[in-house]
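The values are calculated or read from the model by the stated rules, or taken from the named source; none is laboratory data. Only a predicted model underlies this, so the values are computations on that prediction, with no experimental measurement involved. Note that we place each Cβ from the backbone using ideal geometry, even for glycine, and neighbour counts take in every protein chain shown. Just so you know, the surface numbers come from the protein's heavy atoms only, side chains and all, with ligands and any DNA or RNA stripped out. Shrake-Rupley method; radii C 1.70, N 1.55, O 1.52, S 1.80 Å.
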Amino acid sequence: MSVTDTTPVNRTAVPGPATPYQGDIARYWDHEARPVNLRLGDVDGLYHHHYGIGEVDQAALGSPDDSEREKKLVAELHRLESAQTDVLLDNLGDIRPEHTLVDAGCGRGGSMVMAHQRFGCKVEGVTLSAKQAEFGNRRAKELGIDDSVRAQVRNMLDMPFDNGSVRASWNNESSMYVDLEDLLGEHSRILSVGGRYVTITGCWNPTYGQPSKWVSQINAHFECNIHSRREYFKAMADNRLVPNAVIDLTAATLPYWELRATVPSLVTGIEEAFINSYKDGSFQYLLIAADRV
């Protein structure tokens, strides 16, 4: 299966409050078409915008001189991506078909599809990128689930959902584009009491002292502002979100990065910064699940 991202860029303004920076981010993702995102998604039609976790299945890669070696590497990287989403979904709590879930910063919609396939419920996504939203909605229609899975061009700091109407929501590597107090205040607003918020994110380690040079390189590459681990817990405490699980995925994501760095056609130039920052302890990859009280 192969889906070429030929969606025309929508030049209309982003609905809701938007800053010049948010406009920059919308343009960035409207024009993004990295092979590492599209080729991995072509494996099974699930298009992710996050990284992978878990041990590499060396047997699945074949021998170094295998003519299908690169194809197998791509498939294995994609398997690790979907394994990451499975871990996020594992931590959403008790989800039933009548519930509504929200993916804030949904990208091309791979996580939304997986959530609907697992729980059978309605999944709403928001993204600043019109191109991503149109791509995700087209995939949902092709899969026959567009009545349950939908992406909207909206600001995650001003989501179009009623107070307390959502059972669970998440940010999967998308929280570094916004102020955490504003973001978690908005999640707290839309979640029902007893609902669950989950984030998987890279964050800089306060015990390191300050963001390392590697973290600064990642910020520059993605035009984002990575937060410290401490900031997540403070913003949760300020917004009625009580952590019930904190999982350090740093060691689990290293195999993904080390494998990706061996595929020249997928390398973006940022692999070294991720690998070195995870190894020196200046950067961490965390899952935090919190209940709305």
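Multiplying each eigenvalue of the alpha-carbon gyration tensor of the range 81-230 by 5 and taking the square root yields semi-axes of 26, 17, 14 Å, largest first, rounded to whole angstroms. Contact order, relative form, for the range 49-139: 24 percent (alpha carbon pairs under 8 Å, 6 or more residues apart, mean separation divided by residue count).
Taking amide H atoms as placed 1.01 Å from N in the peptide plane, the amide H of Ala151 lies under 5 Å from those of Gly125, Asn137, each 5 or more residues away in sequence or on another chain.
For the range 76-136, the orientation-averaged shadow of the C-alpha convex hull comes to 4.3 nm² (one quarter of the hull surface).
These residues, Leu128, Leu191, go from largest to smallest accessible area, 1.4 Å probe, as Leu128, Leu191.
Here the relative contact order of the chain, from alpha carbon pairs under 8 Å that lie six or more residues apart, stands at 19 percent. Taking the chain as a Gaussian network, where each spring joins two C-alpha atoms under 10 Å apart, which residue of Ala26, Ala115, Ala59 fluctuates the most? Result for the chain, Cα springs under 10 Å: Ala59 fluctuates most.
Eigen-decomposition of the gyration tensor built on the alpha-carbon atoms of the range 152-236 gives equivalent ellipsoid semi-axes of 26, 14, 9 angstrom, largest listed first.
Note that the chain presents 41 Å² accessible area per residue, ligands and nucleic acids not counted, probe 1.4 Å.
Atom-type composition of the exposed protein surface of the chain places 51 percent of the accessible area on carbon and sulfur (1.4 angstrom probe). Other residues lying with their Cβ under 12 Å from the Cβ of Ile218 contribute a combined charge of -3, Lys and Arg counting +1, Asp and Glu -1. Bridging of Lys131 to lysines at a Cα separation below 28 Å is possible for Lys71, Lys122, Lys141, once same-chain residues fewer than 8 apart are set aside. Across the range 237-293, the relative contact order, built from alpha-carbon pairs under 8 Å that are at least six residues apart, equals 60 percent. Of the peptides 82-88, 62-68, the order by per-residue mean of other Cβ atoms within 10 Å, starting with the highest, comes out as 82-88, 62-68.
Summarised as an ellipsoid, the range 43-146 has semi-axes of 28, 16, 11 Å, derived from the eigenvalues of the Cα gyration tensor scaled by 5 and square-rooted, with the largest first. Only one of (1) 1.09; (2) 0.96; (3) 0.94 was calculated from the structure for Rg/Rh (Cα atoms, Kirkwood Rh), and its label is (3).
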